[in-house]
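Single-structure report; data block below.
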Amino acid sequence: MNTIAPAMEELLAAFEEKINAEVKIEPKDWMPEEYRQHLIRQISQHAHSEVIGMQPEGNWISRAPSLRSKKILLAKIQDEGGHGLYLYSAAETLGVSREQFIAWLHEGKAKYSSVFNYPTLNWADVGAIGWLVDGAAITNQVSLQRTSYGPYARAMVRICKEESFHQRQGYEIMWRMMEGTKAQQQMAQDALNRWWWPALMMFGPHDSDSPHSSLAMKWKIKRESNDYLRDKFINKTIPQAELIGLKVPDPNLQLISEGIYKHGDINWDEFWEVVKGNGPCNQQRLEHHIKAHKEGAWVRATALASKSNN
Amino acid sequence: MESKLKYYLQVADNALILSHRLGEYSSHGPFLEEDLANTNVALDLIGIAESILDETGRQEGLGRTGDDLAYRRNETEFLNCLLVEQPNTDFAFVMVRQFFTDAFHFYFFSELTKSNDAFLSAVGYKSLKEVTYHLRRSSEWMIRLGDGTPEANAKTTHAIQTLWKFSHEFFIENAIDLEMKNAGIGVDLKVVESNWMQKIREIFYMSKLSIPENNYQYSGGKNGVHTENLGYILAEMQYLPSKYPDAVW
């Protein structure tokens, strides 16, 4: 013990020195086990979110109302899947295979963002996801470009470029609908009513209730707090809603000073129920992924067996 | 509508409807990379369809846009071949349907570059770049499916047996094809068929797959007589423009 303990302390000190000096931690570097485990959980959850997120938007591919909107939606969903690929690759550098990540997802041991457990009920939901869900994601991901783990930070740089395009295309859908017929305006408002609160919940519990935050902040995996990022998103988004005539569904929303808003109470009971698996689409989303994966088993097997791969 | 524009629609509708089927398959792929490749092909095809539909609307001169032609025609006005509207039964069906269509597109667009219609010739050159990649991908998959595991060979054989009867409609010359060929606008489908058969034989040989003995062939799509599948495709695809005819999306 006496010989090991100082070595560990030295390793930890060197690790933290790098973190403090803003030097990225790379896959072959020594890292504390808690750091590795935190990253495995966070990056794989992020990857699963990108992939599961293909489903609610994919729900409207066959009903996209114009050739242009169908092309954009196809390309956007393809981007999300591509983000999943970057992130699985980043997570694999921590010593866990993609097969294992998928197995953990299917066994319920790994989570994905709860926001994708809500349904897409009208075409404006596709706009609302781009504008609000991707908008919330970017707010978080911009800060993650500075995260301390190199492969994750680099994946974030690429992802942020595409997400900002997604956010704009989502807002464009909402804007077009608000310029359109009364029925379209109602769809847009309905979509905002249903997606606003889940988007705010994406930032996670209040800082005082966030179990993983403190160590993650110390080791600079996480660079900004949940509440700081949520407020930033709200202050940015409310003027965008007002500009096109949409009303944010928060009767207790207060304007504190110019450009600074305070939101009403978030329904955390709903948040935890969805996290626990009781959201409207939890079962549907996971079963869809499991079914596609199972149905693809023979294809993966033949791809590995085929001589054309030699 | 004049014959030339109907010929345009025959080309556009194959791409549009197959793209729709591939879009339906998003998030159903056997693994993530393949899911994305599938969507990529869907995007190429909808791009081909859109450019032709827009041009058809312009040349028609009745004020119809590409969107009007995609979203406001009924079943009998769609002129795609029956193969492309067949469902995504499983990955073998998706890939056999793709391979047959990619091989057709490759040889068809190769011939179309020679068209004396400047627009179609340009479509041929532009599309050829994309469909060359499509054909390479689906050919490689046919070999993996046929010459991999026995299970995959059996599933692919079943898909071929089911889809073969829709595979030759591409080459069955209708009145529009004949008129366009004689005018130097359209292609000689016999040349396309001969190249297509050679490609199928070559890839099937490498894949340990066989051409079905029953060579009875269905047709009708190019004349607006479809399988039951198309009605459901259009019911979904045209849902919003049909329900909200005044809306602009």
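Here are the numbers for this structure:
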item: Breaking point among (1) at the interface with chain B (Cβ under 9 Å from one of its Cβ atoms); (2) open to solvent by less than 10 Å² (accessible area, probe 1.4 Å), for A:HIS48; result: (1)
item: Checklist (1) surrounded by 14 or more Cβ atoms within 10 Å (Cβ to Cβ); (2) under 30 Å from B:MET95 (Cβ atoms) applied to A:GLU287, failing item; result: (1)
item: Conditions (1) among the β-branched types (Val, Ile, Thr); (2) within 17 Å of the chain's Cα centre (by Cα); (3) part of a helix (DSSP H, G or I): number failed by A:ILE238; result: (2)
item: Hits in segment A:255-310 (condition: within 14 Å of another protein chain (Cβ to nearest Cβ) and β-branched (Val, Ile, Thr)); result: A:ILE290, A:VAL299, A:THR302
item: Test: residue in segment B:193-208 that is within 10 Å of chain A (Cβ to nearest Cβ), hydrophobic (A, V, I, L, M, F, W, C), more than 30 Å from A:TYR171 (Cα to Cα) and over 19 Å from the mean Cα position of the chain (by Cα); result: yes
item: Residue within segment A:178-186 that is crowded, with 19+ Cβ neighbours inside 10 Å, of a type outside the set (A, V, I, L, M, F, W, C) and modelled with pLDDT of 95 or more present; result: yes
item: Test set (1) outside any helix (DSSP H, G or I); (2) more than 20 Å from the chain's Cα centre (by Cα); (3) more than 30 Å from B:ILE48 (Cα to Cα) - A:GLU10 fails condition number; result: (1)
item: So B:GLY61, is it open to solvent by 50 Å² or more (accessible area, probe 1.4 Å) and modelled with pLDDT of 95 or more; result: yes
item: Matching option when the condition is within 8 Å of another protein chain (Cβ to nearest Cβ), over 14 Å from A:GLY127 (Cα atoms) and out of contact with any Leu (no Cβ under 6 Å at 6 or more places or on another chain), among A:GLN78, A:GLN55; result: A:GLN55
item: Residue check for B:GLY57: in a loop (DSSP other than H, G, I, E, B), closer than 20 Å to B:SER3 by Cα and more than 7 Å from chain A (Cβ to nearest Cβ); result: no
item: In segment B:6-33, residue least open to solvent (accessible area, probe 1.4 Å) [restricted to those that are of a type in the set (D, E, K, R) and within 30 Å of A:TYR88 (Cβ to Cβ)]; result: B:ARG21
item: Qualifying residue in segment B:95-111 (condition: open to solvent by 40 Å² or more (accessible area, probe 1.4 Å), touching a helix residue (DSSP H, G or I) at 6+ places or on another chain (Cβ under 7 Å) and among the charged types (D, E, K, R)); result: no
item: Residues satisfying the stated conditions in segment B:220-229, i.e. open to solvent by 10 Å² or more (accessible area, probe 1.4 Å) and either assigned to a helix (DSSP H, G or I) or touching a strand residue (DSSP E or B) at 6+ places or on another chain (Cβ under 8 Å) (or both); result: B:LYS222, B:ASN223, B:ASN229
item: Complete set of residues in segment B:118-161 that are closer than 19 Å to B:ASP90 by Cβ, open to solvent by 40 Å² or more (accessible area, probe 1.4 Å) and away from every other protein chain (no Cβ under 14 Å); result: B:GLN161
item: Members of segment A:222-257 found to be β-branched (Val, Ile, Thr) and open to solvent by less than 60 Å² (accessible area, probe 1.4 Å), listed by number; result: A:ILE234, A:THR237, A:ILE238, A:ILE244, A:VAL248
item: Any hit, segment A:85-93, residues being within 11 Å of another protein chain (Cβ to nearest Cβ), closer than 30 Å to B:ALA247 by Cβ and of a type outside the set (Asp, Glu); result: no
item: Per-region count, segment B:1-32, residues at the interface with chain A (Cβ under 7 Å from one of its Cβ atoms) and more than 14 Å from the chain's Cα centre (by Cα); result: 8
item: Helices (runs of 4 or more DSSP H) completely within segment B:139-210 that count 3 or more residues being of a type in the set (Val, Ile, Thr) and in contact with a strand residue (DSSP E or B) (Cβ under 9 Å, 6 or more places away or on another chain); result: none
item: Residue among B:LEU45, B:LEU36 that alone is buried (at least 20 other Cβ atoms within 10 Å of the Cβ) and more than 7 Å from chain A (Cβ to nearest Cβ); result: B:LEU45
item: Test: A:ASP125 is closer than 20 Å to A:ALA199 by Cα, more than 14 Å from chain B (Cβ to nearest Cβ) and acidic (Asp, Glu); result: no
item: Helices (runs of 4 or more DSSP H) completely within segment A:55-130 that count 3 or more residues being open to solvent by 10 Å² or more (accessible area, probe 1.4 Å); result: A:67-92, A:98-106
item: Selection from segment A:258-284 of residues that are within 28 Å of A:HIS48 (Cβ to Cβ) and open to solvent by 100 Å² or more (accessible area, probe 1.4 Å); result: A:ASP269, A:TRP272, A:LYS276, A:ASN278, A:GLN283, A:GLN284
item: Answer residue from segment B:230-249, given it is over 24 Å from B:GLN86 (Cβ atoms), within 7 Å of chain A (Cβ to nearest Cβ) and not aromatic (Phe, Trp, Tyr) and is most open to solvent (accessible area, probe 1.4 Å) among those; result: B:ASP246
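Every residue, every condition in (1) in a helix (DSSP H, G or I); (2) of a type in the set (A, V, I, L, M, F, W, C); (3) buried (at least 24 other Cβ atoms within 10 Å of the Cβ), yes or no:
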{"site": "A:VAL133", "(1), (2), (3)": "yes, yes, yes"}
{"site": "A:ALA137", "(1), (2), (3)": "yes, yes, yes"}
{"site": "A:VAL142", "(1), (2), (3)": "yes, yes, no"}
{"site": "A:ARG146", "(1), (2), (3)": "no, no, no"}
{"site": "A:LYS161", "(1), (2), (3)": "yes, no, no"}
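Residue-wise test of (1) touching a residue at least 12 places away in the same chain (Cβ under 8 Å); (2) touching a Cys at 6+ places or on another chain (Cβ under 9 Å); (3) closer than 30 Å to B:GLU55 by Cα.
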residue: A:LEU11; (1), (2), (3): yes, no, no
residue: A:ILE25; (1), (2), (3): yes, no, no
residue: A:TRP30; (1), (2), (3): yes, no, no
residue: A:ARG41; (1), (2), (3): yes, no, no
residue: A:TRP60; (1), (2), (3): yes, no, yes
residue: A:ALA64; (1), (2), (3): yes, no, yes
residue: A:ILE72; (1), (2), (3): yes, no, yes
residue: A:GLN78; (1), (2), (3): no, no, yes
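The values are calculated or read from the model by the stated rules, or taken from the named source; none is laboratory data. Source: prediction; values computed, not measured. Backbone-built Cβ (ideal geometry, glycine too); neighbour counts: all protein chains shown. Calculation scope for accessible area: heavy atoms of the full protein, side chains included, ligands and nucleic acids excluded. Shrake-Rupley method; radii C 1.70, N 1.55, O 1.52, S 1.80 Å.
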